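Report on the following structure.
The values are calculated or read from the model by the stated rules, or taken from the named source; none is laboratory data. Treat the numbers as computed from the prediction; the structure is a model and nothing was measured. Every residue, glycine among them, receives a Cβ derived from its backbone with ideal geometry; neighbour counts consider all protein chains shown. The accessibility values were calculated without ligands, DNA or RNA, using every heavy atom of the protein model including side chains. Shrake-Rupley method; radii C 1.70, N 1.55, O 1.52, S 1.80 Å.
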Amino acid sequence: MIRACVENDLLDIYNIVNDAAHAYRGVIPADCWKEPYMPIEELRHEVSEGVQFLGYELKGRLIAVMGQQSKE
């Protein structure tokens with residue numbers, strides 16, 4: 001099921017984003033790579049700037065996310 005993510009999903013979003021970044025290590029330019037790829041403070045900042053996350057939930061567990069932000 002695809003659903004809007006909520007505040008309680010923040011840690012899961014953090015883990016999913018950083019796990020996915022590891023899959024692209026070596027593809028992500030070295031000057032853009034950091035560990036963790038997206039620190040929790042940066043994720044909180046992005047959400048406060050209007051990034052909304054949608055997540056795919058399977059058997060009650062969030063397993064994938066995507067963020068979107070309207071820039072008008």
- Task: Pop a pseudo-label 7 angstrom from the Cα along the beta-carbon direction at both residue 63 and residue 42 and give the gap in nm to one decimal.
- Result: 2.7 nm
- Which of the GluC sites (Glu not before Pro) found in region 1-60 are loop residues per DSSP with 12 or fewer other Cβ atoms within 10 Å of their Cβ? 49
- How much of the accessible area of the chain, in percent, comes from carbon and sulfur atoms when a 1.4 Å probe is used? 54 percent
- Query: In the chain, which trypsin sites (Lys or Arg not before Pro) fall in coil by DSSP and have 13 or fewer other Cβ atoms within 10 Å?
  - Reply: 34, 59, 71
- For region 8-71, what is the relative contact order in percent, using Cα pairs closer than 8 Å and at least 6 residues apart in sequence? 32 percent
- Item | Per residue value of the accessible surface for the chain (all protein chains in place, 1.4 Å probe), Å² | 75 Å²
- Message: Within region 56-72, name every residue whose backbone N is under 15 Å away from a label modeled 7 Å from Cα of residue 49 along the Cβ vector.
- Response: 67-72
- Message: Assuming 0.36 nm per residue, please report the length gained on full extension of the stretch residue 22 to residue 35 beyond their Cα-Cα distance.
- Response: 3.7 nm
- Percent antiparallel among DSSP beta bridges confined to the chain, rounded to 5, stands at 90 percent
- Can you give the Kirkwood hydrodynamic radius of the chain from its Cα pairs, in Å with one decimal? 13.0 Å
- Note on the structure: Loop-resident chymotrypsin sites (Phe, Trp or Tyr not before Pro) in the chain with no more than 10 other Cβ atoms inside 10 Å, DSSP not H/G/I/E/B, are 24
